[in-house]
């Protein structure tokens, strides 16, 4: 006689469980983890390391560890810690200088901007976008709890993160209800985030030349949001879901270190730069439609997300993943993603000197006419003779956009103000249950 | 189901209990009528008598065949719903009659899911082959019945079809369901072990009741589709607990088919199990 704790799911087991779920989907038995008194609680450990690099720009290294514990009554508690180490450079928001410069021997060029944390930035060639060098470390803690209560499953989660100039505290609650023999699941939830921005060197006055400091306090930012969703099992193989969310952000929504260049109306040369300014309110909404289709062995995931906000940003994201089983406990999952957004109403690559200042302006590329295309693949495997499951995911991301606006002048018309950026990302993950 | 079946409902209302019982009985009879290989008026009979002709099947049958195909694949061919042909040459009556090797070899020519054409809800088998959904039918019926009862009855219940069972949740006041595991040496007489089950499916595979004696060795009724012979050196009784009766039943059958490797297999799968 032997009594075994529920331990890691092997690949055979997970395929079998999936097959059982597919077959019984229309009968809807309790496909929740089995519980017998003798069960000791099961613990799962997930660890991952993300390495992300934008060519000539930011680099991120992010180790994450997550521990989950499943109790005999179906209750799950998990906690996660993640540390991001970010170094490199980010576009300052300014325009290319338009002039060749030679710095002092051994020094950098002359186009430099104040940095978030770290040194100044340079634009060594006339057509290059100026960048800000920075480095920061972010620590994030997350915890969540869920417990099935019959057809209802409440989930409560909390979040805290801190980096040099930013702190975030948040929480959310979600309730899922299974209906119609578990073929349909309806989910509703709400959450909040209370964040604070402490710009390094003080908060600059908006639309100023960065030298006017209006305060050394924190700048609060609040987010309140809600979501609703429905998922539906259509057949033994096919499940679709529609989720919508809406959130309201208020407070300090400005990027403290981003600037907007002012160019000469004739030559287009940069003659000055001012800090950006964004509205203190942003209403964001999105609708995510997804589909999971199980073939006999393989699985196809498709999703589309439409996003819009009252800043004028509209975006579409198309995502496709295909999980292909190579052999027992080895699979490969190619991934394609395309993202396209329209710029915010107040997005400008630069302003023309002498024109009246707009109420709001930003040249943050994330609010611009941004496109990204992602090609990647994940390989999942186990190592013979060792417990746990491994995965390695590698992705190539190309970020690009329309960089020839008609409102720029002179030399700026010759430049692509949204030059393509090549990005690579690698994630190694390990999962172990015991 | 050719075995004792019961439904336990923890409640004070007789009508509720009878409602659960009625649902389980109707579902059991429905599944038996549709998938029993002993009947001549169902889809299994139509498939087995098609003499090589393709047979289109309904959604539910397709689901079971897909499931069987997956089990065949993930078990490397050990789990095979076409192995029933072998039973014609074996008699498991507790006696010592072993078929001649030629008969086993001949029967093996008609065994192997890989010889079956199964696509787009149409199945085609070479003449002489047969499918038998007995290895999954009972567990499937348990989970199906439990799903149907759960939609109508909101009291805790347990469905037990011939020893393969599922519990919907803890009994009242968080008490567990007590489930005994038969002593494989004295089947039906004594429970060797008591499991306190709150929720999930339990299924047992073993050779307690049906076996044949060969050279002093006891050979159980579960046949290895690769050799045509009963699986050797398997534990007498393997009980598995997972979320569903079907998964437990499939895992215990796969474990039994591994013979002496049963325990190692179940440890690898991370399943909770009892080997007696």
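Only the coordinates and a few stated rules stand behind these numbers; no lab work does. In this text the structure is predicted, and so the values were computed from the model without any measurement. Counting neighbours? That spans all protein chains shown, and the Cβs are built from the backbone with ideal geometry, glycine included.
Given their separation in residues at 0.36 nm each and the Cα-Cα distance between them, residue A:214 and residue A:192 gain 5.2 nm when the chain is fully extended.
Over all Cα atoms in region A:367-428, the spread is summed up by Rg and Dmax: 19.6, 66 Å. With a cut-off of 18 Å on the backbone N, the residues of region A:402-427 near the modelled label site 7 Å out from residue A:316 along Cα-Cβ are A:402. Between residue B:194 and residue A:414, the simple label model (points 7 Å from Cα in the Cβ direction) yields a spacing of 9.1 nm.
Put the Cα centre of region A:168-201 next to the Cα centre of region A:388-420 and the gap is 32 Å.
Note on residue A:151 and residue A:390: their simple-model spin labels are 4.5 nm apart, each label 7 Å out from Cα toward Cβ. The distance from the alpha carbon centre of region A:235-292 to that of region B:16-32 is 57 Å, rounded to a whole number. What the Cβ-Cβ distance of residue B:115 and residue B:26 gives, at R0 = 35 Å and to the nearest 0.05, is a FRET efficiency of 0.45. With a Förster radius of 41 Å applied to the beta-carbon distance between residue A:99 and residue A:428, the computed FRET efficiency rounds to 0.40. Over the protein assembly as shown, the reciprocal of the mean inverse Cα-Cα separation, the Kirkwood hydrodynamic radius, stands at 29.7 Å.
Expressed per residue, the C-alpha convex hull volume of region B:5-275 stands at 132 Å³. Computed from the C-beta positions of residue A:400 and residue A:327, the FRET efficiency with R₀ = 41 Å rounds to 0.60.
How big is the gap, in Å, between the Cα center of region B:248-272 and the Cα center of region A:204-230? About 58 Å separates the Cα centre of region B:248-272 from the one of region A:204-230. For the pair residue A:81 and residue B:3, label points projected 7 Å from Cα toward Cβ lie 5.0 nm apart.
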